[in-house]
Amino acid sequence: MRTTNRAVRTGGFSIRLDVRAVTVVLLLLVAALVASVVLIGTGDFPIPAADVLRTLAGEGNPGQEFIVNELRLPRVLVGLLVGASLGLGGALFQAISRNPLGSPDVLGLGQGATAGALAVIVLTSGSANQVAAGALVGGLVTGLAIYVLAWKRGVHGYRLVLVGIGVSAIVTAVNGFLLTKSDIVDAARAVVWMTGSLDGRDWAQVWPLLALTAVLVPLVLANARGLRMMEMGDDVSYALGVRVERVRLLLMVAAVLLTASATAAAGPVSFVALTAPQLARRLTRSPGPNLLASLCMGAALLVVADWVSQRAFGAEQLPVGVVTGVLGGVYLLWLLVSERRAGRI
């Protein structure tokens, strides 16, 4: 199917819209919202979708209001925000590295955030907020290390990926060391956190993640044109007036913050950042980073995965990170085979 572009004129400005991409974004947004309503109604006390909507509008009975607003809505909102952050962060890293494998999972940012959280758990037995802060700091430090080590008259695609893989291996070894030095209680707590889960999430996780996302998403979208120009190469971007290293550094910091904050809120939920941008690109069939489509795809994927983790295995409920890990691993194998057949690896 051929991509259709239309120019929309407003005053003295002309905006070119990709009709298929806009349609995909809207459909993904609707899918994420529908899945959220279904997920809110899912549990030991099932609530019909119509009653969920009435309760969200403030017209439910006291029991429904407590279950929806205090127990289930915060978990779903954290899932949407974490999925959106991972999808957008993954799209940024893949566009900057110009490599479909250039996601936070491969580059070691998730492992870096895990190292920060493990350090807090093992060394200080810190609270949940302290663990989240440790994960955020660990992700930022890892991102800075990757950027510095990959720098050589600029940061370029395969160098960034290779440095990230090396840093990931080192940080994974550090994580193993921290686990071996912890007592049994802290080790059990750390392993649960490392799985990636939305269990027990409440409004305390929603507000910081929402505030950070509200700041970073507009910042990223404001620099989307420069990012798209950079996909044609640094020389062309310079010729078109893009301040390449400034835009690259700004967007890398935003991507690291998105990934680290998502990991701090839900643990290292694997493969969403890898798969969401690729699935979004295949649906839109549009060149460029597809930032909004990746954001909506990540949100929809994580909410659907959370529903699967709760309902697809009978009475047993799995952490959402297990489901995304299985699905993402299958997708990664398919992607590697496809890239090999195309002669790109």
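The values are calculated or read from the model by the stated rules, or taken from the named source; none is laboratory data. Source: prediction; values computed, not measured. When we count neighbours, we look across all protein chains shown, and the Cβ atoms used for this are built from the backbone with ideal geometry, even at glycine. Calculation scope for accessible area: heavy atoms of the full protein, side chains included, ligands and nucleic acids excluded. Shrake-Rupley method; radii C 1.70, N 1.55, O 1.52, S 1.80 Å.
Values computed for the structure shown
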quantity: Derived scalar couplings ³J(HN,Hα) [the stretch 297-313; Karplus, 6.51 cos²θ - 1.76 cosθ + 1.60; whole Hz; x for Gly, Pro]; calculated: 5, x, 4, 5, 4, 6, 5, 5, 4, 5, 4, 4, 5, 8, 10, 7, 10
quantity: Summed side-chain charge close to GLN64 - residues other than GLN64 whose Cβ falls under 13 Å, Lys, Arg +1, Asp, Glu -1; calculated: -2
quantity: Residue-by-residue Karplus 3J(HN,Hα) for the stretch 318-325, coefficients 6.51, -1.76, 1.60, Hz, glycine and proline x; calculated: 9, x, 4, x, 5, 5, 5, x
quantity: FRET E, pair ARG340, ALA211, Förster distance 41 Å, beta-carbon r, rounded to 0.05; calculated: 0.45
quantity: Neighbour net charge for VAL106 - beta-carbon separation under 15 angstrom, K R +1, D E -1; calculated: 0
quantity: Charge dipole magnitude, Cβ of K and R +1, D and E -1 - the stretch 167-311, Cα centre, debye nearest 20; calculated: 400
quantity: The chain: relative contact order in percent, alpha carbon pairs under 8 Å with at least 6 residues between; calculated: 28
quantity: Residue of THR263, THR324, THR42 that the Gaussian network model of the chain assigns the largest fluctuation, springs spanning Cα pairs under 10 Å; calculated: THR42
quantity: Net +/- balance of residues flanking ALA128 in space, Cβ distance below 14 Å, scoring K and R +1, D and E -1; calculated: -1
quantity: Longest DSSP-loop-exposure-free segment, GluC sites (Glu not before Pro), the chain, at most 11 other Cβ within 10 Å; calculated: 60-315
quantity: Calculated Cα Rg over 2.2 N^0.38 Å (choose from (i) 1.01; (ii) 1.26; (iii) 1.75), label; calculated: (i)
quantity: Computed magnitude of the charge dipole of the stretch 5-341 (debye, nearest 20; Cβ of K, R +1, Cβ of D, E -1); calculated: 1460
quantity: Selection from VAL322, GLN94, VAL171, by position along the positive dipole direction of the chain (Cβ); calculated: GLN94
quantity: Surface per residue (accessible, 1.4 Å probe) for the chain, Å²; calculated: 48
quantity: Sulfur and carbon atoms: percent of accessible area, the stretch 5-341 [1.4 Å]; calculated: 68
